[in-house]
Structures are given as C-alpha cells and as structure tokens.
Amino acid sequence: MALQLGDEAPDFTAETTEGKIQFHNWIGNGWAVLFSHPKDFTPVCTTELGRVAALKPEFEKRGVKVIGLSVDPLGSHKEWSKDIQDVTGSSPNFPLIADSDRKVASLYNMIHPNANDTLTVRSVFVIGPDKKIKLTLTYPASTGRNFDELLRVIDSLQLTAKHKVATPSDWKHGQDVIIVPSLSDDDAKKQFPAGWKTLKPYLRVVPQPK
Ligand code: BEZ
C-alpha cells in the first residue's frame with residue numbers, strides 16, 4: 001500500500017554520493033526531504049538538482065536535510081554532477097542515493113508502472129523529526145518541481161507542528177494564520193491573548209505566532 005501521511009518513513013541503508021547511510025540515523029533529530037528524479041543526464045532533472053543545491057542554505061535555515069534518489073549508479077550521479085554545475089552554477093551539495101536495485105524506490109512506491117515501469121517519478125517526502133511522513137508530492141517526469149513551494153510548505157508544517165494554527169491558501173511565512181477550529185474561544189484566549197479577527201465562527205484569523 002502507498003505510504004500515507006502520518007506513516008513512519010521506512011528506514012533503509014543505501015549507497016550515496018556522500019557515502020553509505022542509514023536513513024533514520026542520517027536524518028538525526030531534524031526534518032528531512034527525500035526526493036526522487038527519473039534519470040541522470042536528463043534536462044528537467046538537471047535544472048531541479050541545481051535548484052535544490054542553490055536552495056541548500058534555505059533548507060538548512062529550517063533545519064531540513066535534503067537527499068535525492070534515482071535508479072542510476074553512483075558513478076553516473078558523480079559524472080552528472082559536473083553537468084549540473086556547468087548548466088546551473090550549482091553542484092549537488094547533498095547526497096544522491098544510487099538505487100540501482102530499486103530497494104528504496106520500492107519501499108517508497110516511487111515507480112509508477114503506468115507512467116514508466118523502470119524509472120522513478122518525481123516523488124517528494126517531507127519527514128519530521130519523529131520520522132513520520134508529513135507531506136507527499138508526486139509529479140510526472142515532464143514537469144519540474146517548484147522548490148520555493150516546497151520551502152513554503154515546510155514553513156507551514158513547522159509552524160503548525162508548534163502552534164494550534166493552520167495556514168490559509170497561498171500563505172507565506174510572516175502572514176496571518178488561522179486558529180484551528182478544534183480550539184475553543186476560551187482556550188484560544190489563553191494562547192492568543194492579543195485576540196483575533198472572527199470572519200466566521202469557524203474562521204478566526206491571528207498574526208503568525210513567533
Ligand atoms: C527530464 O528530466 O527532462 C526527463 C527525465 C525523464 C523523462 C523525461 C524527462
């Protein structure tokens with residue numbers, strides 16, 4: 001069965017461009033993003049990996065480690081990294097899993113046979129410090145991902161893990177948020193003593209908590 005939100009992220013050992021890892025140990029006490037790409041030496045993937053490398057400081061700021069994966073071997077990942085540097089100006093500065101035997105791709109259902117029976121799709125898993133899956137995304141090979149959106153979602157996941165709030169459509173860090181409907185007005189008064197704006201009884205808006 002496909003992995004679902006709240007499931008434990010399967011643990012595994014794998015060879016990567018930065019050595020052998022045991023996934024849960026590698027994650028440590030922070031957050032992680034595990035993402036797959038279909039194939040090395042392909043155009044969209046080249047742009048994606050360069051973009052992730054350029055955004056590494058943004059992931060680090062949020063306490064998030066990033067790790068990529070495809071079914072290509074280690075030598076191919078390393079050779080391709082030079083092209084990624086040439087084209088995007090950034091070389092992968094995070095580990096890439098060489099999953100030639102598809103062990104990790106199978107654990108995480110990254111091969112969708114009706115799309116392609118040998119290559120991984122563009123999967124993303126955001127994993128929390130408790131090793132539980134907080135977010136999944138699946139994009140086809142033809143569509144490169146928006147990694148700014150991934151950072152935006154991580155901001156929301158981290159904020160809502162800490163406070164009894166949810167984030168509205170198109171929310172960005174720093175903007176007003178919504179008090180979760182399960183919090184009574186009496187309890188909300190304790191957590192948000194400066195008050196809130198009630199647009200509907202179920203839609204209470206507050207400034208983003210720190
Ligand atoms: C790409 O990254 O451009 C790509 C990879 C696999 C299939 C199609 C496109």
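Quick notes on this one:
- Values of log10 I(q)/I(0), in the order q = 0.20, 0.28 Å⁻¹, for region 150-206 under a Debye, Cα-only, solvent-free model: -0.71, -1.22
- Shape class of region 23-74 from the alpha-carbon gyration tensor: oblate, with a/c at 1.5 or above and b/c at least as large as a/b.
- Pairs exceeding 23 Å between alpha-carbon atoms, taken from K56/K131; K65/K131; K134/K200: K134/K200.
- Taking 4 °C and 1.567 mPa s as conditions, the chain diffuses translationally at an estimated 70 µm²/s according to Stokes-Einstein applied to its Kirkwood radius (Cα pairs).
- Taking all protein chains as they are arranged and a probe of 1.4 Å, the heavy atoms of L159 leave approximately 20 Å² accessible to solvent.
- Entry comment: accessible area of the chain is 51 Å² per residue, from protein heavy atoms only and a probe of 1.4 Å.
- Taken one residue at a time, the phi angles of region 81-92 give Karplus couplings (6.51, -1.76, 1.60, θ = phi - 60°) of 3, 5, 5, 4, 4, 4, 7, 10, x, 10, 9, x Hz. Gly and Pro are set to x.
- Debye intensity ratio in log₁₀ form over the Cα atoms of region 87-184, taken at each q of 0.12, 0.15, 0.21 Å⁻¹: -0.56, -0.82, -1.20
- Potential extension, N146-L183 segment - 0.36 nm per residue separation minus Cα distance: 10.0 nm
- Against the criterion of solvent-accessible heavy-atom surface with a 1.4 angstrom probe, S184, S142, S70 sort, most first, into S142, S184, S70.
- Over the chain: helical MRE at 222 nm, DSSP H runs n ≥ 4 each giving -39500 (n - 2.57), nearest 500: -9000 deg cm²/dmol
- Charges were assigned to the Cβ only: +1 to each Lys and Arg, -1 to each Asp and Glu. The resulting dipole of region 13-145 about its Cα centre is roughly 480 debye.
- The angle between the Cα long axis of helix 147-162 and the longest principal axis of the Cα atoms of the chain comes to about 50 degrees, rounded to the nearest 10.
- Accessible-area rank, largest first, for Y108, Y139: Y139, Y108, with all protein chains present and a 1.4 angstrom probe.
- Nearest 10 degrees, 0 to 90: helix 43-54 Cα axis against the chain principal axis: 60
- Local electrostatic count at K190 - Lys and Arg +1, Asp and Glu -1, tallied over other residues with Cβ under 15 Å: 0
- Calculated FRET efficiency for the pair N29/T118, C-beta based, R₀ 35 Å, to 0.05: 0.45
- Taking a straight Cα-Cα cut-off under 17 Å and skipping sequence neighbours fewer than 8 places away in the same chain, the aspartates and glutamates within cross-link reach of K20 are D11, D72, D99, D101.
The values are calculated or read from the model by the stated rules, or taken from the named source; none is laboratory data. It should be emphasised that the depicted structure is a prediction, and the values quoted were computed from it without experimental measurement. Neighbour counts are summed over all protein chains in view; Cβ atoms, including those assigned to glycine, are modelled from backbone coordinates with ideal geometry. Keep in mind that these areas ignore ligands, DNA and RNA; they rest on the heavy atoms of the full protein, side chains included. Shrake-Rupley method; radii C 1.70, N 1.55, O 1.52, S 1.80 Å.
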